[in-house]
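*Asks:* For reference, the structure I am asking about is given below.
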Amino acid sequence: MKFNLPKALGLTMIISILGFTGYSQKKTEITKPEMPISNDNKILSYTSVIELTGISKDELFLRAQNFYKSNYKNSSQVIQSADAATGKIEGKAQFTTEKILKNGVKAQADMIKYSINIMLKDGKYKYEITNINIQAASYKPIETYFSETDPLRDEHWGTLNQADEYFNNLVGLIKEAMEKPSSVTKSEDW
């Protein structure tokens, strides 16, 4: 059997180059998201008042209930109180974030707990997503993850990015649900 040295060296060099380029690729830099933090108390919250002229508080209350029912698997555990007379629904919910381990496997990162409240008046409603905390040995405000000097900054900023995406999506779902009539009227079919 004849051994071809130039081909063997060429193959070895190609394998080496491919191997080094795989290791030399930089990790994607994670940036801190722009999140709505109050200038007054430096607390993260997603809140807004939305006008829906001509729609009664009672109808808006039914729409808000429909939002909770359609967006949470077990809405009765999420809703802490619902009062049609005052026009307020208070809820508490949670979700988990993910991180990528060194071996490339996705794993659960942080459990985020939050309050989600909807207040209603004739012709308008207000949503508030507040009290956003990370579940640890004890609750820890999510704002602690904003530190520039945090040794786990990339991981924590990954959590912040996922939380921001989750809450912006949730705000969209609230707005969508509040635009829909609470019940669909059926036409008389014969």
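*Asks:* Got a sec to turn the phi values of the stretch 114-130 into Karplus ³J(HN,Hα) couplings, 6.51 cos²θ - 1.76 cosθ + 1.60 with θ = phi - 60°, whole Hz, x for Gly and Pro?
*Replies:* Result, rounded to whole Hz: 7, 9, 10, 10, 10, 10, 10, 9, 4, x, 6, 9, 10, 10, 9, 10, 9.
*Asks:* Now, a different point. Does the stretch 35-101 classify as rounded, prolate or oblate by the C-alpha gyration tensor (a ≥ b ≥ c root eigenvalues; a/c under 1.5 gives rounded; else a/b over b/c gives prolate, otherwise oblate)?
*Replies:* Taking the square roots of the gyration eigenvalues as a ≥ b ≥ c, the stretch 35-101 is oblate.
*Asks:* Probe 1.4 Å, all protein chains in place: accessible area of THR159 in Å², nearest 10?
*Replies:* 0
*Asks:* Filter the cross-link list LYS32/LYS73; LYS73/LYS140; LYS102/LYS175; LYS32/LYS99; LYS88/LYS113; LYS73/LYS106 down to pairs whose alpha-carbon distance in this structure exceeds 27 Å. Don't jump to the answer; show the numbers that get you there.
*Replies:* Numbers: LYS32/LYS73 30 Å; LYS73/LYS140 25 Å; LYS102/LYS175 39 Å; LYS32/LYS99 15 Å; LYS88/LYS113 20 Å; LYS73/LYS106 23 Å.
With Cα atoms farther than 27 Å apart: LYS32/LYS73; LYS102/LYS175.
*Asks:* Using the Karplus curve 6.51 cos²θ - 1.76 cosθ + 1.60 with θ = phi - 60°, work out ³J(HN,Hα) for each residue of the stretch 80-96 in order, rounded to whole Hz, and write x for Gly and Pro.
*Replies:* 8, 7, 9, 10, 5, 5, 8, x, 9, 10, 10, x, 9, 9, 7, 7, 10
*Asks:* Between SER115 and ALA137, what is the FRET efficiency for a Förster distance of 25 Å, r being their Cβ-Cβ separation, to the nearest 0.05?
*Replies:* 0.75
*Asks:* Residues with beta-carbon under 15 Å from that of ILE37, excluding ILE37: net charge, scoring Lys, Arg +1 and Asp, Glu -1?
*Replies:* -4
*Asks:* Please report, in debye to the nearest 20, how large the charge dipole of the stretch 102-180 is about its Cα centre when each Lys and Arg carries +1 at its beta carbon and each Asp and Glu carries -1 there.
*Replies:* 280
*Asks:* Let me cross-check LYS57: its accessible surface, 1.4 Å probe, with only protein heavy atoms counted, in Å² to the nearest 10?
*Replies:* 50
The values are calculated or read from the model by the stated rules, or taken from the named source; none is laboratory data. Computed from a predicted structure; not experimentally measured. Here the Cβ is made from the backbone with ideal geometry for all residues, glycine too, and neighbour counts use every protein chain on show. Remember, those area values only see protein heavy atoms, side chains included, never the ligands or the DNA or RNA. Shrake-Rupley method; radii C 1.70, N 1.55, O 1.52, S 1.80 Å.
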